[in-house]
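The values are calculated or read from the model by the stated rules, or taken from the named source; none is laboratory data. Small disclaimer: the values here were computed from a predicted structure and weren't measured. In this analysis, Cβ positions are derived from the backbone assuming ideal geometry, glycine residues included, and neighbour counts consider all displayed protein chains. With ligands, DNA and RNA removed, areas are computed over all heavy atoms of the protein, side chains included. Shrake-Rupley method; radii C 1.70, N 1.55, O 1.52, S 1.80 Å.
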Amino acid sequence: MFRRTTRRALRTTTRRTARRTALVASAAVLTLATGCGAADMTRQASPFANAGGAKTVTLSVQSWVGAQANVAVAQYLLEHELGYRVDTVQVDEVPAWDALSQGRVDALLEDWGHPEQEQRYVKDKKTVTRAGDLGVTGHIGWYVPTYFAERHPDIKDWRNLDKYADEFRTPESGSKGQLMDGSPSYVTNDKALVENLDLDYQVVFAGSEAAQITQIRQFAKERKPFLTYWYSPQWLFEKVPMTEVKLPPHEEGCDADPAKVACGYPHTPLQKYLNTDFAETGGEAAAFLKKFRWTTEDQNEVSLMIADQKLSPDEAAKAWVQRHESTWRAWLP
């Protein structure tokens, strides 16, 4: 994972080890080891971005592995099927919009919803252009391990959370139950939700997606209870089954004031955006990225290979491409 009226950016952090690219300058890319948060690369523009006449393209990549899966497959096909030179730049969510508007990157392949940026850059300045649905629907929520929910079925209703607060306490949360979040740079309404729903919990940031995954897997290994902010699509559900705690239903506008949020997160069709100049003059690359559309299952397949099977993004993309030609052929111009 509103997201921003809910994925509002809170700040830039660092995220993962560098992915193969054509330049050393883009070595802050597709990093998979560190997890959430990325260095702000908007001031270190790729020399390929918005390069008129050159058969090059620059893709923005966010730090969570699902976004990296999108970029890995797009990059592989742009290079091997269309003959482009591809650069990737790791940027946090809101700075990515600035970079896209300025032409420092050409494309953003997974956006969870940033109404303020969309109004500014798409509608007002017209420097960013919509490129269609990614084909994946995103959802943020609060989750407990399924083994805990099976023993305590009423935990699935947020109104019963305080009943179990003591079981979720950690040294970091003190006398309160712990609600584990990932990176502060992700969209989260959790502090406001805890306060406005008057819950006996403390939001504790793991620091990154990778750190959060490590903690979740350790809790699961020891069969300990935990309550965590989490999101789908995400490959970890296949390794650690989790059950969502139902928060108050999301209604249009219920998260408009970040300080007063008392509703759950929406289900958000994830969107793609292109720099407007690139959308108009980017040739086959722009046409391909507009057509790029796959399923949650496709994304999770590549994500699992990267994050769990430890394939490089390029290796994971190649494996997926070899198995799904009927899907990606339709994206080629």
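Values for this structure:
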read-out	value
Per-selection Kirkwood Rh - segment 81-204 (Cα, Å, 1 d.p.)	17.9
Built amide H within the under 5 Å cut-off of Leu134, gap 5+	Leu270, Gln271, Lys272
For segment 312-317, 3J(HN,Hα) per residue [Karplus equation, 6.51 cos²θ - 1.76 cosθ + 1.60, θ = phi - 60°, Hz, x = Gly/Pro]	5, x, 5, 5, 5, 4
In Hz, Karplus ³J(HN,Hα) per residue of segment 286-299 (6.51, -1.76, 1.60; θ = phi - 60°; x = Gly, Pro)	5, 4, 4, 5, 5, 7, 4, 7, 9, 9, 4, 5, 4, 4
q = 0.16, 0.23 Å⁻¹: log10 I(q)/I(0) that the Debye formula gives for segment 207-294, counting C-alpha atoms only	-0.91, -1.10
For peptides 189-195, 290-296, sequence by mean Cβ density within 10 Å, most packed first	189-195, 290-296
Relative packing of peptides 197-207, 59-69, 242-252, 322-332 - highest average C-beta neighbours within 10 Å first	59-69, 197-207, 242-252, 322-332
Under-14-angstrom lysine pairs by C-alpha in segment 138-267, whenever the two are 8 or more apart or on separate chains	5
Placed amide H near Phe205: partners under 5 Å, 5+ positions off or other chain	Asp181
Highest average packing first - 269-278, 96-105, 142-151, 125-134, Cβ atoms within 10 Å	96-105, 269-278, 142-151, 125-134
Amide H partners (placed H, <5 Å) of Thr243, local residues excluded	Val144, Thr146
Sequence-distant lysines (8 or more away, or on other chains) whose Cα lies within less than 26 Å of Lys291	Lys55, Lys123, Lys125, Lys126, Lys272, Lys318
Residue-wise HN-Hα coupling along segment 235-248, computed from phi with Karplus coefficients 6.51, -1.76, 1.60 (Hz; x: Gly, Pro)	5, 5, 4, 6, 9, 10, x, 10, 10, 7, 8, 6, 8, x
Segment 177-333: C-alpha gyration tensor shape, a/c 1.5 cut-off, then a/b vs b/c	oblate
Fraction of accessible area attributable to carbon and sulfur, segment 138-267 (%, probe 1.4 Å)	47
Accessible area expressed per residue, segment 138-267, with surrounding protein chains retained (probe 1.4 Å, Å²)	44
Rounded, prolate or oblate (a/c below 1.5 giving rounded, otherwise prolate when a/b exceeds b/c) for segment 138-267 by Cα gyration tensor	rounded
